[in-house]
1. Residues of segment 604-624 being farther than 14 Å from GLY162 by Cβ and in contact (Cβ under 8 Å) with a residue 24 or more places away in the chain, which ones?
2. Would you confirm whether or not segment 742-755 contains a residue that is surrounded by fewer than 14 Cβ atoms within 10 Å (Cβ to Cβ) and part of a loop (DSSP other than H, G, I, E, B)?
3. It is to be established whether one or more residues within segment 323-330 are in contact (Cβ under 8 Å) with a residue 40 or more places away in the chain, open to solvent by 30 Å² or more (accessible area, probe 1.4 Å) and more than 16 Å from the ligand (Cβ to nearest atom).
4. All but one of (1) of a type outside the set (A, V, I, L, M); (2) within 30 Å of GLU115 (Cβ to Cβ); (3) within 16 Å of the ligand (Cβ to nearest atom); (4) touching a residue at least 40 places away in the same chain (Cβ under 8 Å) hold for ASN665; state the number of the condition that does not hold.
5. Taking segment 194-217 as the search range and keeping residues that are modelled with pLDDT of 95 or more and either of a type in the set (Ser, Thr, Tyr) or closer than 18 Å to TYR72 by Cα (or both), which one is surrounded by the fewest Cβ atoms within 10 Å (Cβ to Cβ)?
6. How about segment 604-642: which of its residues are buried (at least 23 other Cβ atoms within 10 Å of the Cβ) and touching an Asp or Glu at 6+ places or on another chain (Cβ under 7 Å)?
7. Among the helices (runs of 4 or more DSSP H) lying completely within segment 415-510, list those that include at least 2 residues that are more than 16 Å from the ligand (Cβ to nearest atom).
8. If you check ARG476 against the conditions, is it touching a helix residue (DSSP H, G or I) at 6+ places or on another chain (Cβ under 7 Å) and either surrounded by fewer than 18 Cβ atoms within 10 Å (Cβ to Cβ) or not charged (D, E, K, R) (or both)?
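The values are calculated or read from the model by the stated rules, or taken from the named source; none is laboratory data. In this text the structure is predicted, and so the values were computed from the model without any measurement. Glycine also receives a Cβ, built like all others from the backbone with ideal geometry; neighbour counts cover every protein chain displayed. Please note that ligands, DNA and RNA were not included when accessible areas were found on the heavy atoms of the full protein model with its side chains. Shrake-Rupley method; radii C 1.70, N 1.55, O 1.52, S 1.80 Å.
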Amino acid sequence: MKKDDKKKKDDIAQELKNSFMHNRKYSLAKDIYTATESDNYRSMAMVIRDRLIDGWILTQQRYHDENCKRVYYLSLEFLPGRLLGNNILNLDLEQESNRAMEELGLSLDVLCNQEKDPGLGNGGLGRLAACFMDSMATLGIPAMGYGIRYDYGIFKQKISEGYQVEVPDEWLKLGNPWEFERPEYTIKVRFYGMTVKRTDRDGKPYVEWVNARDVLAVAYDTPIPGFKNSIVNNLRLWSAGSTEEFDFEYFNDGDYIKACENKILSENISRVLYPSDSVYKGLELRLKQEYFFTSASIQDIIRRFKMHNDDFKSFPDKVAIQLNDTHPAVAIVEFMRILVDEEGLDWDAAWEITGRTFAYTNHTIMPEALESWPVSLFGKLLPRHMELIYEINMRFLKDVSKHYPHDLGRIGRMSLIEESGEKKIRMSHLCIVGSHSVNGVSGLHTDLLKQTLFKDFFDFYPEKFNSKTNGITPRRWLKKANPRLSRLITDTIGGSDWIRNLSELKKLVPFASDAAFIDAWRKVKTENKENLTRYIKNQNGLTVDPGSMFDVQVKRIHEYKRQMLFAFYLIAQYAKLKADPKAEIVPRTAIFAGKAAPGYVIAKTIIKFINNVADVINKDPDIKGKLKVVFLENYGVSLAERIFPASDLSEQISTAGKEASGTGNMKFMLNGAVTIGTWDGANIEIAEEVGPENIFIFGKRAEEASDMTAKGYDPKGYINKDPFLKEVFSLIQEEFFSQFEPGIFKVLYENLYRKDPYLICADFSEYLAAQEAVSGAYADTAGWMKKSILNTANSGKFSSDRTVSEYAKEIWGIS
Ligand code: NBG
């Protein structure tokens, strides 16, 4: 290091120390004796926050002055992970912060771990939004995220006697040092009431929405810094409040409880995140949440637009709105309502502006995830919006019938309203009709959208459809989560440009055959595995061998993700060892983690099943530690950061055609884990990048899988054909894993034995063979390390910087 640089770093470390002492004393009124770890975390968070503010203000001022086109990312979920470490990283203050804390006798790591991980999302969809926020700031895209500031995020998962227990996540209890309340940007959102037709002075008819109930949306802003570029974007989350503290009429009547009711009901809107992933439930409060944050955001966006622009014609040149799934779909209607009812634009002009402004991302083709709100519920809550949807639909269907006269089947299928049974609004159709872009999140997923779910729409508007393969931010998922590997990479390829340009990792390819480098790579992996080994010991009291293969499946628990397939493989291995305790197998530690939706009985039973299987295997002396099974509780961003760097094998075994993309698969690859997976979602693109010799692909392809299901598939044929599979079913039926609670796995057994809706039995034999191939490959350490290195080296495509640049260029019109 040059002398000047060193002096600069010394000075900064000193400044951080001073600022820390100042904040601890004057913001928290604590000293060295009274400060808790959490106080120290908060003090350091304030130190770093202070360092974000200049960049934040300057960035926002510049966007304002330049009146540039902005992107608004509307998402009901954000899973940003802990911010202290990430912000230190993006400000390039890692060394100085570590130094400063050391000199105060503190550990930065310990402080960082004090932070509550904001769980404002369920899984991949929410985490994707957070990766995009990081990439947009890093690429200098004028962007803002909009969502809900839930008081309670996704529940905390405890495992008790093998069962999932849900505990409320009080993430705001000790305050949130990263957010700024902005009461000056409070916005009124209306619900209920009715519409009346009126005519204005010129005799022009218009519609008024009257007798509505008001709820307030209060803005909370969180700065989102780019990586080493002084750009700080904004994440604005809305919290619900009542327009009046108390209803004085009731208050005067002496009914105190009733008087508070309105306040309580209003505030309930942002109370809690719905803890289900890829499943739709038509609950009124959920629709309220969707409209609440959407309406507040659209009003805010229009307010900002009007500060500099007076003609709505230029709106699409200044604003791009990306809808993260259909959850914010009603934004399209809210925007039309404001343009037509409040701004007085005529319909065609308003509709043209709307179409050019909005873009929609679909994240699943699973039918149970597709939102369709009952007309009765929707019309009661949002009477004006219901009318507008009918109008949009009428005009749209007129267009369709011009192209396909007399094709009533097609018109019925494309309608925004589903007419069979209870009338419902198809939110995805609304999104497609009201947007200029519809994208899937991987190549296969987009193809399936075009060929199946949205085929009629693809025929009608082929130009709207495009694919944007998901990505992940290398800042959090390699630089921060895996500091050892990051150092090795930087030292080896001679620079850290990869952090901003992930394709640079390609420079590792020549080193994949270099014995010294392979050895260094193996050392890093081993150290990371030793870390996780300690964590497992602490959490589960279980000793695992860091020399064994860490075989990992971490993600939401869902039938289509097939945690049961992995569990079946483990049982088969166990049976093999029981039959021949001397059998030589490659020792494995199987690691599971993931939450199940509280109301999803099968998923919760799967967790119990895995835990019981783990218990039997781990305690069996015949196994002699050759196989261990671990379920780590409370999977989330922070736990994920510990797991990916320590993984050898990445389980990506969804039924082909069901996983839209997956992003965990990318995090494993980036950290040098090798994938065993189906030909599904982004696995396909991972295979293309890394080459067939560095990935283990098995199982039915999407088309075959859907054909089998369509033709009426019976798992029994497969069960009888495969002796291992047969054995697995026998063991479950004999209550081998449920001796103390007989009957508890009957739902799983029956479902898989009779229906097996996700084709576990059909794919089992091939999966077993693929696992054998994995074992063979792992036994050759140098060969495996080579695969591991080549996985990291070829993961450049999966940077969310690449994904976001594609959105910017091809959808948002921002260079
Ligand atoms: C999820 C998909 C994943 C995908 C993420 C992010 C929903 C509705 N979809 O496969 O299941 O990686 O979205 O695109 O949560």
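1. Taking segment 604-624 as the starting set, the residues that turn out to be farther than 14 Å from GLY162 by Cβ are 620-624.
ASP620, ASP622, ILE623, LYS624, listed by residue number.
2. Looking for residues that are surrounded by fewer than 14 Cβ atoms within 10 Å (Cβ to Cβ) and part of a loop (DSSP other than H, G, I, E, B), one finds at least one in segment 742-755, hence yes.
3. Quick first cut of segment 323-330, residues in contact (Cβ under 8 Å) with a residue 40 or more places away in the chain only: 323-330.
Now narrow it down to the ones that are open to solvent by 30 Å² or more (accessible area, probe 1.4 Å): none.
Checked segment 323-330: no residue is in contact (Cβ under 8 Å) with a residue 40 or more places away in the chain, open to solvent by 30 Å² or more (accessible area, probe 1.4 Å) and more than 16 Å from the ligand (Cβ to nearest atom).
4. Unmet for ASN665, out of (1) of a type outside the set (A, V, I, L, M); (2) within 30 Å of GLU115 (Cβ to Cβ); (3) within 16 Å of the ligand (Cβ to nearest atom); (4) touching a residue at least 40 places away in the same chain (Cβ under 8 Å): (4).
5. Once the filter is applied, the top-ranked residue is THR195.
6. Matches in segment 604-642: GLY636 only.
7. Values: elements: 427-434, 443-448, 455-460, 483-493.
So the answer is 427-434, 455-460, 483-493.
8. Details: touching a helix residue (DSSP H, G or I) at 6+ places or on another chain (Cβ under 7 Å): yes; either surrounded by fewer than 18 Cβ atoms within 10 Å (Cβ to Cβ) or not charged (D, E, K, R) (or both): no.
When the stated conditions are applied, ARG476 does not pass them.
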